[in-house]
Every structure is written in C-alpha cells, then in structure tokens.
Amino acid sequence: MRKKKEKHGTPNYSKKYGGFVNKSKSIHSIMHKHEKRLEYFKNKDGRLKVIKDKINGLKRESNKLSKDKSYKVLNDENVSDMIVRLNNIDIEIKKLEMEFKVIESSEDEIEYLLESSYLMSEYMTLEDQETVLLENNDDHSDELNDIINKKNRLIDEYMLKFENKCYNHKRVTQNLNCQNCNVPYDIEEGYLVCSLCGLCDNAIIHAEDLSFKEMRDYEYRPQFTYDKMSHLDDWLRRFQSKENRVIPQEVLDKVILQAKKEKVQNLNLLTEDKVKKYLKRLNLNEYYDNIIGIINRINGRPPFKLTTEIETKVKMMFQQIQKPYEKYKPSGRKNFLSYSYCIHKLFQILGLHEFSTYFPLLKSVDKLRQQDDIFKKIVAEMSEQDKSVKWVFYPSV
C-alpha cells in the first residue's frame, strides 16, 4: 500500500566512505539501504567474531564426530552418514575461512564502494533536482516524471546488483480493472485487489504507469519493502526450514539432553512448546525461529515442503482478508491478527490440517475468542466474494 510521502532531510556527504549518506526517514529508499550497508561494514570485528565462532563450533562438531566414527568402526558399525557429514563440515569450514579473509582485508567493503558510488551520486543529484522543483510553485510535471523514472531505474540497478532483486518484474500497462467485475482494482501492499469479488493479482505497479499526482502524494513502495506479506513469507520460510541459518550440533545436543532429563523417551513426540521451553531454559532464545527445524533435525525428518501452488494460494488468501479485517477489527485495535493464528486458519480452510497444527493458537481463551470473532466475520464475507475457495470458519474455542 502506498503511504504519504515524507520529507527528507538534507543529505550529507561522508568523506570516510567516499559516498553519500542520506539520513532519510524512509526505510525503503536505496539511500537507507546504502546507509545500513555502511553500518554493516563498520562492524568488522563483530562479523569476524561471528564467523570465528561458527568455525570453532564446526571444528568441535567435527572432533566429536571423528571420535564417534572411530568407536563405530571398531564395533563394525555403518559410518557412511558420519563420513558425509564430516566432508560437509570440512567444506563449510573452508568457505567460512575464505569469507573471514575477505572481511579481514575489507575486500567486500572496497568492492561495494567502488560499484555503488556512481549510483549513490546520481541518485542524490536527482533527489536534489526533485526537491528544487517541488519547492517551486510552477508546473513541472514532465520534469518530475522524468526524474522519478530515472530514480526508479537506479533503484532497479541497485537492487539487482547488490540485493539480487528487482521490483520491476512485471510492468502493468493494461487497463487496471478486475477481470471478473470490470471495476478498478485497489492497490494493497503492492497487490491489485478487487473490492467486490476479492480477486487478488500479484502484479507490481511500476512508477512510470502512475500519474505525477499519485507519485507526488504517495511514497512508492517497491516489492522488497518489509510489510505484512514479508512477515507472512518469513513464517512460511521458517516452517519449511528455509531460514538459511546453520543450527549447531551443540544446540541439538543440549535440547536432546533437556528432553532426556524430562524422561522423554520418544523424541518424535517433541512439540514446539517443549522445545521452546528447553531453549528458554538454556538461554538460547535466538533459536526460537528455528524450532521446527530443530525438531526435524533431531528426528532425522526432511523439512516440510509446500508446493508453489499451495504457498501462492496461502499468500493470495492472506492478501484477500486484509480489507475485511480493516472493516471488522474492533475500534482502536492497532495490531493485526496473530500470524500463527492466521496461517493456522488458512491451512484449515484449504483442508491442510496436518500443517495447521504446527502453527499454535493463542493460549489466552479471551484473546483467542476475540480473534475468532473477527475471523468469523472475515470468512463470512470472503465466502460471498470468492467462490474459488471453500471459505469455512473453524471455531477455536
């Protein structure tokens, strides 16, 4: 969704980094990303420590595995899995050692500054030109449109080069009307949403398809902004163990030890609540987001895998309920529904009850009843608007 455009302060030039540092209030501009990246480079000691800790952790795991392997060899037991893991550990250590050298020599920082300086310089020049034109009361629509298009091209280039992303995937040039109702779409969080039937299209509107008035009054939010959809995506990634985080063996060992202390004989019976309790007891709160991955690793289960069709459907349904939620939420409520609750309900509606159980509901009966009251109304409205899904409400209490 578009938000009212904020005024930016005067940009500053940082001699130390040879580039511009814009103290922009917007967390979505490439200047903000540039600034965050410079802060990241400043924390060289912290980054080196993280890598060193990872290397030491892998070496400890390797030493333990080597001892266990020797013991199994003596007892004529199969050690093929251990050999594979030892080889993988060796590869991981070598990669981390290379990364350590790159950071230590500031090679990554130097390369970034060399490749980004011209983009930052051009972007700031355009920002200055835009500010001058906006402060002038004369009509400069054509010039402003040209500046905004140039800025968007620079954003594309920056995101593609440094974030390996580009929001300009799908330009929308056709009449932006719903294919079912032929009424204009509303733009919600970068999606096209029909207010009548609830149809949701994931086309991303590009700035050059908008009028100058729209660009002037609203701040363009490209696809990579962190919004509700991004938060949902984080939850689905964690469910499928796609967090791109290595869980050290010592963390798994500590969780197993806690389970044994509680006389849990069958580790297949480990639940998210139990593992979360163990992690809290062990002061390992930073692994809360990896609980499902930890349980799968302990039990040797492959990660859960959602098909592209199911994942897309969940995201589309999530987007569709945004408008009804705003309509039925209690006056004064600021926070959205619990994401775990929301995903639980969407999986139930899709008949995927085996997945919904991995997204726990709120423990407070009163709060759960409040969310049920809202969601029941949302489902009732969606059942009238969207006939492609069998919208059914499943009471929680």
Residues whose built amide H sits under 5 Å from the amide H of PHE359, excluding neighbours closer than 5 in sequence, are none
Distance in nm between ASN149 and LEU134 label points, each 7 Å along Cα→Cβ, equals 2.0 nm
Zone reached by a paramagnetic label modelled 7 Å from GLU326 Cα along Cα→Cβ, restricted to region 369-397 with backbone N below 16 Å, covers 378
Two pseudo-spin positions, 7 Å from Cα along C-beta at SER364 and at ASN43, lie apart in nanometres by 3.2 nm
A correct Karplus calculation of ³J(HN,Hα) over region 120-133, with 6.51 cos²θ - 1.76 cosθ + 1.60, θ = phi - 60°, whole Hz and x for Gly and Pro, returns 5, 4, 5, 5, 5, 4, 5, 4, 4, 4, 5, 4, 4, 5
Using alpha-carbon positions, the gyration tensor of region 306-385 gives root eigenvalues a ≥ b ≥ c; with a/c under 1.5 called rounded, otherwise prolate if a/b exceeds b/c, else oblate, the class is oblate
Fewest-first ordering of LEU119, LEU346, LEU114 by Cβ atoms within 10 Å yields LEU114, LEU119, LEU346
Kirkwood Rh for region 241-299 from C-alpha pairs, in Å, is 11.3 Å
Of the listed links LYS36/LYS101; LYS44/LYS228; LYS54/LYS242; LYS44/LYS334, those spanning more than 30 angstrom between alpha carbons are LYS44/LYS228; LYS44/LYS334
Toy charge model, Lys and Arg Cβ at +1, Asp and Glu Cβ at -1: region 43-104 dipole around Cα centroid in debye, rounded to 20, equals 280 debye
So for region 43-104, using the alpha carbon gyration tensor with a ≥ b ≥ c as root eigenvalues (a/c under 1.5 gives rounded; past that, a/b versus b/c decides prolate or oblate), I'd call it prolate
Length gained if HIS32 through ARG301 is fully extended, taking 0.36 nm per residue and subtracting the Cα-Cα distance, is 92.8 nm
Two pseudo-spin positions, 7 Å from Cα along C-beta at ILE91 and at SER117, lie apart in nanometres by 3.8 nm
Ranked from fewest to most other Cβ atoms within 10 Å of their own Cβ, LEU86, LEU279 fall in the order LEU86, LEU279
Taking r as the C-beta separation of ASN63 and VAL264 and R0 as 25 Å, the FRET efficiency to the nearest 0.05 is 0.35
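Values quoted throughout were computed directly from the atomic coordinates according to the rules given, and no laboratory measurement underlies them. Only a predicted model underlies this, so the values are computations on that prediction, with no experimental measurement involved. Cβ atoms come from the backbone with ideal geometry, glycine included; neighbour counts cover every protein chain shown.
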